[in-house]
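The structure appears below as structure tokens.
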Amino acid sequence: MELRQLKYFVKSAEYLNFSVAAKHLYITQSTLSQQIKQLEFELGFELFLRNSRHISLTEAGEEFLPFARRTILDAEDGVQRLHDLQHVKTGTLKVGVTYSLSTVLTEGLISFMKTFPGIKLEVIYKTVDELLCLLKEHKLDLILSYKPIVETPEVDSMPLFENTLALVLSNEHQLAGRKKITLHELQEFPLILPSKGLQARMMLDKLLEGRDIALHSKLELNETNILLQMVAQGHYATILSTSAVFGKKRFQAIPLDEPGNVMEASLLRLKGSYQKNAAKEFIKILLETEAVKRRLMNMFE
């Protein structure tokens, strides 16, 4: 049994299509099929049920899959440990970021690239649920996100700073200058809101849960930058974390005066998984950025 065969098996189980799996593995379908058959012969069990249209896992395949995945991950962790022991400043660091915290990351990325020019950074922007799926599949090393509302047992959360939801508007909006505002008051005004699945929206829905409040949503978008472009026109406001417009003078963020309106910006990591030295160094650099320090200071003002 070879590690390569386990990788072929796991990829085939992921797509349940030998042709698609072969393309992602950059091998021919015949090579993939041959290696899977050889693995099955060595194990003494068929791993896939095959017909002319599709494949599916057998009971033995379902049972074997988590062990195959664990073996591959252990081997990759072992190689990474050897690289780190040799202080090799090469490799790849994969970071996931939610849209609302994109402004926090930029300074850290620039500083990390200057300090470790040999390490390639891959940054992925998605919703927190999508990023957590990638983290659990070991396709990300860490995530910069607000702490998920629903606890995820297999994920560790390292707090960075606290934040709140706010009514975000331009300086020309009729509500500009307010110190705080309630959701009940916002029923009278047209809003454009982040789509379901974005963390600001999940937090908003949590604050609205069980309450007789109907916000007047004219449009919902899953792209924060476009939301802010529309808000900048002056007529509409939106609801985002204060961090989304931190330091942007053309916008105001009026905190929502609601109980439980606290969001914790965090670094999320998979429990029990080996952490690369590159990830540790990235965290150190991020904690020292002005973007994080200023937000920490803002918590106590």
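Results, tabulated for the structure shown:
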| item | result |
| --- | --- |
| Residue ID - modelled with the lowest pLDDT, chosen from residues in the range 84-99 that are surrounded by fewer than 16 Cβ atoms within 10 Å (Cβ to Cβ) and touching a Lys or Arg at 6+ places or on another chain (Cβ under 9 Å) | THR90 |
| Test for GLN35: is it surrounded by 18 or more Cβ atoms within 10 Å (Cβ to Cβ) and over 19 Å from GLU137 (Cβ atoms) | yes |
| Boolean, PHE48 is in the same structural domain as LYS11 (by TED's automatic domain parsing) and either out of contact with any Leu (no Cβ under 7 Å at 6 or more places or on another chain) or touching a residue at least 60 places away in the same chain (Cβ under 8 Å) (or both) | no |
| Qualifying position, being over 24 Å from LEU132 (Cα atoms) and modelled with pLDDT of 90 or more, among ILE283, ILE254 | ILE254 |
| Qualifying residues in the range 153-175 (those that are surrounded by 17 or more Cβ atoms within 10 Å (Cβ to Cβ) and within 15 Å of the chain's Cα centre (by Cα)) - the one farthest from ALA253 (Cα to Cα) | VAL155 |
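The values are calculated or read from the model by the stated rules, or taken from the named source; none is laboratory data. Since we're looking at a predicted model, the values are computed, not measured. As a convention, Cβ positions derive from the backbone with ideal geometry for all residues, glycine included, and neighbour counts pool all protein chains shown.
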